[in-house]
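The values are calculated or read from the model by the stated rules, or taken from the named source; none is laboratory data. Computed from a prediction, not measured in an experiment: that's the story for all the values here. All Cβ positions, glycine included, derive from the backbone under ideal geometry; neighbour counts span all protein chains shown. For the accessible areas, the whole protein counts, side chains as well, though only heavy atoms, and no ligand, DNA or RNA atoms are used. Shrake-Rupley method; radii C 1.70, N 1.55, O 1.52, S 1.80 Å.
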Amino acid sequence: MGKIVKVSGPLVVATGMQDANMSDVVRVGEQRLIGEILNMTGDSASIQVYEETSGIGPGAEVVTTGTPLSVELGPGLLENIYDGIQRPLEGIMKVCGANIKRGVEVPALDREKKWDFVATAKVGDQVVGGDVIGTVQETSSTVHKIMVPIGMKGTISSITSGSFTVADVVATLTTEKGEKKDLTMMQKWPVRVGRPYKKKYPPHIPLSTGQRVIDTMFPVAKGGTAAVPGPFGAGKTVVQHAMAKWSDVDIVVYIGCGERGNEMTDVLREFPELIDPRTGETLMKRTVLIANTSDMPVAAREASVYTGITIGEYFRDMGYDVAVIADSTSRWAEALREMSGRLEEMPGEEGYPAYLASRLAQFYERAGMISCMGSDERQGSLTAIGAVSPPGGDLSEPVSQGTMRIVKVFWSLDSSLAYRRHFPAINWLNSHSLYIDSLKGWYDENLGPEYAKRRTWALATLQEEASLNEIVQLVGKDSLSADDQLTLEVARMVREDFLQQNAFVDIDSYSEYDRQNQMLGLIQDYETLCRAALKKHAKLYDLFEIDARVGIGRAKTVPADEYKSVYAKIHSDMEAQIAAIAEKGDED
Amino acid sequence: MIKEYKTIAEITGPLMVVRRVDGVTYDELVEIELPNDGGIRRGKVLEVNGDKAVVQLFEPSAGINLAQSKVRFLGHPLQLGVSGDMLGRVFSGMGDPIDGGPEILAEEYRDINGLAMNPAARNYPNEFIQTGISTIDGLNTLVRGQKLPIFSGSGLPHNQLAAQIARQAKVLDGESNFAVVFAAIGITFEESEYFVQEFRRTGAIDRTVLFINLANDPAVERISTPRMALTAAEYLAFEKNMHVLVILTDITNYAEALREVSAAKKEVPGRRGYPGYLYTDLATMYERAGRQLGKDGSITMIPILTMPEDDKTHPIPDLTGYITEGQIILSRELYRKNVLPPVDVLPSLSRLKDKGIGVGKTREDHAGTMNQLFAAYATGKENKELMSILGEAALTPTDLKFARFADEFEKRYVTQGQDDNRSITDTLDLGWELLSILPKTELKRIKPEFVDKYLPKEDKQ
């Protein structure tokens, strides 16, 4: 047991800590505030405290728990909202009302609630860490697999199905040495250590998000990493929310790290009402929320991304596809900077600690497509998507740079697009995805070889528009050739009729892959037909004004069950109308 | 028992070091008694290291004597006594009455730093507030419980805009139990007096609590002023069930005071010398706006800040924009053109607008027309730029219509008098009138049935 000698904001120094280990969680003062040891010199320890330290002074007691910062993993995680160190916010609200008081102790997993455990292993089975011994229907859309904790090995000597709490013993294991170990449905894992897996694979399946600019232009693979940087007001949060809503994954962990309270409330209130198009259940049933809003203590913000990704890894280990969405990693980096400053470490760039880039890399490297621990060949994936909030929108700052070096997909948000209300405001010239090549196999197989070509065509058209626009700025549109003017018009169609997507309109908020393919196909065919017609001397402006264009413009609002027939109709109308104009052109 | 010390070792700027202390805790309130006249100065404990306490003074250090002054540690953080009787009163930046009236009989003492609001206990803001200003109601809708700052520049009429919002703001359905909490942070007497007169003129003064820290008051006090105001606002909103509009002006002065203290503490500076924790610090104030489950009251916050050199990427507006739910940006260019209030609609934004508009709140066509007006104005402005380079001849007839739209939009939609209180229906109808300048086929962002229903029928002579 140690005694405090110094308090400076969230940093506390205590002496007499010879029994504590590095990175141990400690309890500080009478209020038993939660802290973590950062540094040790002799018997004195520097502790970052996850709660407000007001009222703590020298002489107060510090007790180590002897374990590093860990999360509880087991049934009850889903549909829950936690703070940065996995305290359940709904539970805290019941204890102390609308504001978060200090030193509240509520277990992360409800100890009272009973779950129906169905044993899938039998007595006498040889099991190792990671093997599934039973299941719990945690929510109507998700089966929670109960796994043998990592590192354990032996023979099951008893196992019972039935209704249990997370703390009840559901099975016992006899190890090779003959020791008996009780297994509960809950296990613990230290957040700063990645959970192990058997093997990692390069990602090769796209993560479908229903967002056209993402899926078609800059896709992310399951098990991949992506970053969304952008100045405020460019729509980072809307993109992140859309990803959380529509990604075709089994589990979503959404980390609100140092962001607005109302945004988390929005997710909390909205997700239970949104229906997942694949399971027919509400989205909340597959979601875990971690909320460390900007007014909550800064040290817990640092822990929140680790808490989130550890929970994500746990579900990945069950063989699920998981998306971990962190909004925003810049706030996390700022929390690192603040603690580093208080520890009086030598600052690196812009006051950030020198280890910023390696911490960022460690976080994103926990993503991946893996085969899970255990004897069956389960595969799971964890996709990490982080928002970056660069000060002043300037991407040269350390967090953006450190992130860009690691992530494979980069969705660059552009405030000038946002001002024009082009949403999602992802700039098609600055963004990139390095998964195009590895995903090509999947595209060719599932959507046909023309899909990848269409993407290349669309990006090339947009690129050409950018160069043509420079000429237009100088000499005006009229001096362009008819072909170039057509390119500009087609690029406008790609932007307005394809890339723009309104997250607040139900039909438009989600587009499946096939629909995206067909929409883009309409625009590409329009171009091909028009170019052919131009060769026959058709009038350019007549081509621009055909009725089918209105149909293309409204293609995104066609209900999901009708789009195939409607698009086919638009296509045939378009062919007929352009042919008519082309004929007239020849007569002139 | 409260101990007194006479062991001040050092005073530099707003920081004071007291030695040989015992039992002092972090963030405690400190009183320093002056030897000459028994006057009291206050401060708080920033750091305790063994028997040494570093104290940040809230008030000027003039008159403190290192050997003679007595230092008392009060065992609790800086508190504000709150009561329903605060309405109609004027307080100093430290929460003492300065209007000559009696002391407040506190119903409760509250830590001015407040406690973080549990996101699970928040209620999402979705109640439309009609401010009577088209650019806000129509395009950047304000809702109850929102924090929507005004980004302005020196010399721009942000005070008039804030006063107009305070005067005209109302919810559409009926009675409301409303109050205004106003915090003047380092502004001039004239600016502060303008608000006081405005509140008096409209009779709102009885529903207003004022906290005044003027430009000649000590800068260190400014760090407490907005927190005092927010503590009072929280009490009125969540204990007295009132709808509170909080106006904080000017946040730039606040951030500068924070920088001053940070520099005195010899902290590693972040961008432009502001402390690295400026974001967190601002967030702990802004996030106190909102609604709570099961409570009728709400806190809607309008912080005002002047952007140094009109630069939106300056740390103060930048970090504010990352926390608040949108921003209203004022433009010098529009102001010069005499477009009043000079709201620059394109970079302005209300993040919560989508939840506050539409059927049952404003009108079914609101969302579509809003997007269409934004897009059309953006295109129109681009075309005007092109026109100034290449001349009118380079533009197609449709392009010219957009350019005309942009002009008319500024002249009729953005421009409105200080006493012009437009209802939301007027604002929406005005929007349609302007949209009728454009070809009907360009109205892609509005559902066709709304175009048929609301677009004014063309008079063909």
Would you confirm, using the coordinates I've provided, whether A:GLU334 is without any contact (Cβ under 8 Å) to a residue 12 or more places away in the chain and either outside any strand (DSSP E or B) or surrounded by fewer than 20 Cβ atoms within 10 Å (Cβ to Cβ) (or both)?
no
Could you run through region B:354-368 and say how many residues are within 10 Å of chain A (Cβ to nearest Cβ) and buried (at least 19 other Cβ atoms within 10 Å of the Cβ)?
3
State whether the residues of region A:367-382 include one that is farther than 30 Å from B:SER350 by Cα, more than 16 Å from the chain's Cα centre (by Cα), open to solvent by 30 Å² or more (accessible area, probe 1.4 Å) and of a type in the set (Gly, Ala, Ser).
yes
Scan of region A:87-107 for residues that are within 14 Å of chain B (Cβ to nearest Cβ) and within 26 Å of A:LEU283 (Cβ to Cβ), ordered by number:
A:ARG87, A:PRO88, A:LEU89, A:GLU90, A:GLY91, A:ILE92, A:MET93, A:LYS94, A:ALA98, A:ILE100, A:VAL106
For residues in region B:306-338 being under 29 Å from A:PHE504 (Cβ atoms) and among the hydrophobic types (A, V, I, L, M, F, W, C), which is nearest to the other protein chains (Cβ to nearest Cβ)?
B:ILE323
Taking region B:307-327 and keeping residues surrounded by 24 or more Cβ atoms within 10 Å (Cβ to Cβ) and not in a helix (DSSP H, G or I) leaves B:THR324, B:GLU325, B:GLN327
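Residue-by-condition table, conditions (1) farther than 22 Å from B:GLY326 by Cβ; (2) part of a loop (DSSP other than H, G, I, E, B):
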residue	(1), (2)
B:ALA237	no, no
B:LYS240	yes, yes
B:VAL244	no, no
B:TYR254	no, no
B:LEU258	yes, no
B:VAL261	yes, no
B:ARG272	yes, no
B:ASP281	no, no
Taking the residues in region B:106-115 that are in contact with a strand residue (DSSP E or B) (Cβ under 8 Å, 6 or more places away or on another chain) and open to solvent by 20 Å² or more (accessible area, probe 1.4 Å) as candidates, determine which candidate is nearest to the other protein chains (Cβ to nearest Cβ).
B:LEU115
Which residue is farthest from the other protein chains (Cβ to nearest Cβ), if the candidates are limited to region B:263-295 and must be more than 25 Å from B:ASP111 (Cα to Cα) and surrounded by 21 or more Cβ atoms within 10 Å (Cβ to Cβ)?
B:TYR274
Considering only region A:20-33, how many residues are crowded, with 18+ Cβ neighbours inside 10 Å and of a type in the set (Asp, Glu)?
1
If a residue counts only when it is open to solvent by 10 Å² or more (accessible area, probe 1.4 Å) and not acidic (Asp, Glu), which strands (runs of 3 or more DSSP E) contained entirely in region A:196-285 have at least 3 such residues?
A:199-201
Taking region A:1-19 and keeping only residues that are open to solvent by less than 10 Å² (accessible area, probe 1.4 Å), more than 13 Å from chain B (Cβ to nearest Cβ) and either free of Cβ contacts under 8 Å to residues at least 60 places away in the same chain or under 19 Å from B:GLY75 (Cβ atoms) (or both), one is left with A:MET17
Could you tell me whether region A:115-130 includes any residue that is under 30 Å from B:LYS295 (Cα atoms), open to solvent by 10 Å² or more (accessible area, probe 1.4 Å) and not hydrophobic (A, V, I, L, M, F, W, C)?
no
Does region A:376-391 contain any residue that is assigned to a loop (DSSP other than H, G, I, E, B), modelled with pLDDT under 90 and farther than 23 Å from A:ALA234 by Cα?
yes
Could you name every one of the strands (runs of 3 or more DSSP E) located completely within region B:1-95 that has at least 3 residues being open to solvent by 40 Å² or more (accessible area, probe 1.4 Å) and within 14 Å of chain A (Cβ to nearest Cβ)?
B:40-49
So, in region A:286-304, of the ones that are of a type in the set (A, V, I, L, M, F, W, C) and not in a loop (DSSP other than H, G, I, E, B), which residue ends up nearest to A:SER23 (Cα to Cα)?
A:ALA303
For B:VAL246, are the conditions met, namely being open to solvent by less than 20 Å² (accessible area, probe 1.4 Å), β-branched (Val, Ile, Thr) and closer than 24 Å to A:THR265 by Cα?
yes
Expected output for region B:375-390 (first residue within 8 Å of another protein chain (Cβ to nearest Cβ), partner of a type in the set (Gly, Ala, Ser), Cβ below 6 Å, 6+ apart or cross-chain) is B:LEU390/A:GLY476
Hey, can you tell me all the residues within region A:485-538 that are open to solvent by 50 Å² or more (accessible area, probe 1.4 Å) and hydroxyl-bearing (Ser, Thr, Tyr)?
A:TYR510, A:THR528
Restricting to region B:120-158, name every residue that is open to solvent by less than 10 Å² (accessible area, probe 1.4 Å), within 12 Å of chain A (Cβ to nearest Cβ) and under 19 Å from B:GLY368 (Cα atoms).
B:LEU139, B:ASN140, B:VAL143
Exclusive hit being under 30 Å from B:GLY326 (Cβ atoms) and among the basic types (Lys, Arg), set A:LYS199, A:LYS236, A:LYS145, A:LYS222:
A:LYS236
Of those in region B:429-444 that are open to solvent by 10 Å² or more (accessible area, probe 1.4 Å) and under 32 Å from the mean Cα position of the chain (by Cα), the residue farthest from B:HIS366 (Cα to Cα) is B:LEU430
When you look at A:THR528, is it at negative phi and more than 14 Å from chain B (Cβ to nearest Cβ), yes or no?
yes
